[in-house]
1. Step by step: find N for the chain, compute 2.2 N^0.38 Å, then divide the Cα radius of gyration by it. What's the final number?
2. Show me the ranking of peptides 309-319, 252-262, 189-199, 15-25 by mean Cβ neighbours inside 10 Å, starting with the highest.
3. Go through 57-66, 119-128 and give me the packing order, highest mean Cβ count within 10 Å leading.
4. In a GNM of the chain with a 10 Å cut-off on Cα contacts, which of Asp68, Asp98, Asp243 has the highest mean-square fluctuation?
5. With r defined as the distance between the Cβ atoms of Asp65 and Ile96 and R0 fixed at 22 Å, what FRET efficiency is calculated, to the nearest 0.05?
6. Using 1/(1 + (r/R0)^6) with R0 = 25 angstrom and r between the beta carbons of Ser79 and His151, what's the FRET efficiency to the nearest 0.05?
7. Please give the contour-minus-distance gain from Glu121 to Leu174: 0.36 nm per residue of separation, less the Cα-Cα distance, rounded to one decimal in nm.
8. Roughly what would the spin-label model give for Leu20 and Lys57, points 7 Å off Cα along C-beta, in nm?
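The values are calculated or read from the model by the stated rules, or taken from the named source; none is laboratory data. No experiment lies behind these values; they were computed from the predicted model shown. Quick reminder, even Gly has a Cβ in these numbers, built from the backbone with ideal geometry, and neighbours come from all protein chains shown. The area values use the complete protein model at the heavy-atom level, side chains included, leaving out ligands, DNA and RNA. Shrake-Rupley method; radii C 1.70, N 1.55, O 1.52, S 1.80 Å.
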Amino acid sequence: MNRLKASSAVESVDLPNCHLIKGIEAGAEDIDILPNGLAFLSVGLKCPGLHSFAPDKPGGILMMDLKDEKPRALELRISRGFNLASFNPHGISTFIDDDTVYLFVVNHPESKNTVEIFKFEEEDNFLLHLKTIKHELLPSVSDIIAVGPTHFYATNDHYFSDPFLKYLETYLNLHWTNVVYYSPREVKVVAEGFDSANGISISPDKKYIYVADTLAHEIHVLEKHPNMNLTQLKVLKLDTLVDNLSIDPSSGDILVGCHPNGQKLFIYDPNNPPSSEVLRIQNILSEKPVVTTVYANNGSVLQGSSVASVYDRKLLIGTLYHRALYCEL
């Protein structure tokens, strides 16, 4: 109950210029924004043990152009041959190589674990599927950060892939979850011992990897080495369940989508819905990082916030299985 913060309540922190994004009704679990303001949203995640407002509808990738005065969410078409019917996207990450934009998507088709790599073709609002990656060291992938055209770090939020063993592992608090580095030449565990490794991101200077440990209420700062191994530098303790992490490109601050009360996520009650919270962390490498609450809601507007991403004073907040919010800061 303590790991879930089951008795926690949230005090509202409102933002003045916000509205729910039309067309998102069943979650936008992760969001990644390109330097030109194009935002990708991973929608429609279905996860065992979690509520779904659209259990029979496959997931997809939406795009918003945040340079538009009134940006709209448009679903991207995906190339033929990719199994859209079982598409169940989770964490996402973009990588730009010269002028080519790659989109990496954690996918759970039929409860499996894969990483899909797409090439984004902006002129046609189109994703060309390039590759499906499966590996025994990727049994329960949650989030991903791309560091090359076919290279990435990924978090496993469980050690096991079997649903019952996952439950047992979490209940027994085994701390067996980890971070894996993947490249075509080498796949290896580069950090381990997490309660439930979840969101992952990289510092603007590419020197540090940030990992959210959800049930431990922590963000780990890991130093990245030339051989791609990671060593722990510090741990920031918070008073909430931390989910996905993103970087404010203008400041280097970390934005965190959080769950103040994790029990409400797993035992869904429409009369007492899960709350939402977004934190901003400034100067995480310093002795005293500054943590501020950007947004908080008791579930009356937004339920189960999992991610927050910002571009040019425009903020997107996504959720595990509810709506998504667009705010002008």
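1. 0.90
2. 252-262, 309-319, 189-199, 15-25
3. 57-66, 119-128
4. Result: Asp98 has the largest fluctuation of those listed.
5. 0.85
6. Approximately 0.70, to the nearest 0.05.
7. Net length gain for the segment: 14.8 nm.
8. It works out to 1.2 nm between the two label points.
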